[in-house]
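Structure first, then comments.
The values are calculated or read from the model by the stated rules, or taken from the named source; none is laboratory data. Bear in mind that the values here come from a model prediction, so they are computed numbers and not experimental data. All Cβ positions, glycine included, derive from the backbone under ideal geometry; neighbour counts span all protein chains shown. Just so you know, the surface numbers come from the protein's heavy atoms only, side chains and all, with ligands and any DNA or RNA stripped out. Shrake-Rupley method; radii C 1.70, N 1.55, O 1.52, S 1.80 Å.
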Amino acid sequence: MNWQMARRAERLNPSTIREILKVTEQPGIISLAGGLPSAETFPVAAMREATERVLREQPHQALQYAASEGFGPLREWVAEELWSQGLQVQADQVLITTGSQQGLDLVGKVLVDPGSRVAVESPTYLGALQAFAPFEPDFVALEGDSDGPLPESLEAARGARFAYLLPNFQNPSGRCLPAARRLALVERALALGLPLVEDNPYGELWFDAPPPPPLAAGAGEAAVYLGSFSKVLAPGLRLGYLVAPRLLYPKLLQAKQAADLHTPGFNQRIVYEVIKDGFLSRHVPTIRERYKAQRNAMQEALRAHLPADCHWQPPRGGMFFWVKLPAHLDAMALLPAAVRAGMAYVPGSAFFPHGGHANTLRLSFVTASPAQIGAGVAALGRVLAAAEAVA
Ligand SMILES: Cc1ncc(COP(=O)(O)O)c(C=O)c1O
């Protein structure tokens, strides 16, 4: 049989991270590679109670097909929550999505033509590159520093369909944009007529102080905002949301209808039952406290074990450290030695739209215990020291 694949299928690539995770999921390996939240934070009892309540009180509605826009009370909740963060949103601008990953796919489908330009940070979230790539954009890599993309770098994106930005505790770099950088980016984007797509799954996971207001708060109709319940409740729910300007909303909704009709109404009702009475304001602080202790353990371990010519900034939230090795070291080439030494990380080059940056790597601190973090980073330190001795 002559199956002929669409051109876009060529752009569908396996996630480097998932491929690496397969190799590293061996017993005895301390994996600092994954991007998963800690399963210890999943609110199992609250989910169980809410599930029973939904099945007892609204079984038929919960198990029936539902509206593509999402469950009304949950959309209202999202709109109210975002108002409290400075985003003036009405519930009818909220589209509940099957994870924020689906939001990225819908944005790609509605906004990207083959050969059109999409501006991304460098590095950026690999899953977004994967989501946009099948629509065949030309990626424009925005130059940045430790405070995020440089406002003047947006000039290079003039005429792009949008700039995809992650202001809070970015995956993979962990950095958070200061308020002044946010304002400058929004001002420049508005002046250029460049729309923004803001992705914020980590904003609630701050350790010392909440991040400044979202970019979308100052961008009005010029921004699409994506949020997620994956990191504050559980990723297995596959529950996220997007907020879109009125001009775009109907097309995003139609794209969602074509993709999956709607996000499971059962999950939406359960999550609404869990969160409707302020549960997150009690639950999320426990995640912050846990992750902060793990961040501290990793910071100490990196200081103790990494050669002096490695560089990193301790993140003030989120789940990741981003490490720069000396320029002559290649994190992908060193990974097998790291796995033999008992630990795993993600080489950084997959996070760059045009590859390169072989001397970077990402470490997650949320799924390993402080003791495992110490042992894993010590093993990494030995591998790097040995590589430097050879070089
Ligand atoms: C930056 C970023 N955006 C989006 C997602 C997708 O999250 P979800 O689809 O679970 O909401 C992730 C997942 O790790 C992420 O790191």
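Quick notes
- Hits in the range 121-140 - residues which are open to solvent by 30 Å² or more (accessible area, probe 1.4 Å), in contact (Cβ under 8 Å) with a residue 40 or more places away in the chain and more than 15 Å from the ligand (Cβ to nearest atom): F135, F139
- Residue list for the range 250-296, restricted to those being among the β-branched types (V, I, T) and surrounded by fewer than 18 Cβ atoms within 10 Å (Cβ to Cβ): V284, T286
- Only one of A50, A6 that is more than 23 Å from the chain's Cα centre (by Cα), modelled with pLDDT under 95, away from the ligand (no atom under 16 Å from the Cβ) and open to solvent by less than 90 Å² (accessible area, probe 1.4 Å): A6
- Hey, G34 in contact with a strand residue (DSSP E or B) (Cβ under 6 Å, 6 or more places away or on another chain), within 16 Å of the ligand (Cβ to nearest atom) and not aliphatic (A, V, I, L, M) or not: yes
- Matching residues, the range 311-334, being touching a strand residue (DSSP E or B) at 6+ places or on another chain (Cβ under 6 Å) and either open to solvent by less than 20 Å² (accessible area, probe 1.4 Å) or not hydrophobic (A, V, I, L, M, F, W, C) (or both): H311, G317, M319, F320, F321, V323, K324, A331
- Candidates V112, V118, filtered to the one that is more than 10 Å from the ligand (Cβ to nearest atom), surrounded by 24 or more Cβ atoms within 10 Å (Cβ to Cβ) and in contact (Cβ under 8 Å) with a residue 24 or more places away in the chain: V118
- Among (1) touching a residue at least 24 places away in the same chain (Cβ under 8 Å); (2) within 19 Å of the chain's Cα centre (by Cα) - the single one S349 does not satisfy: (1)
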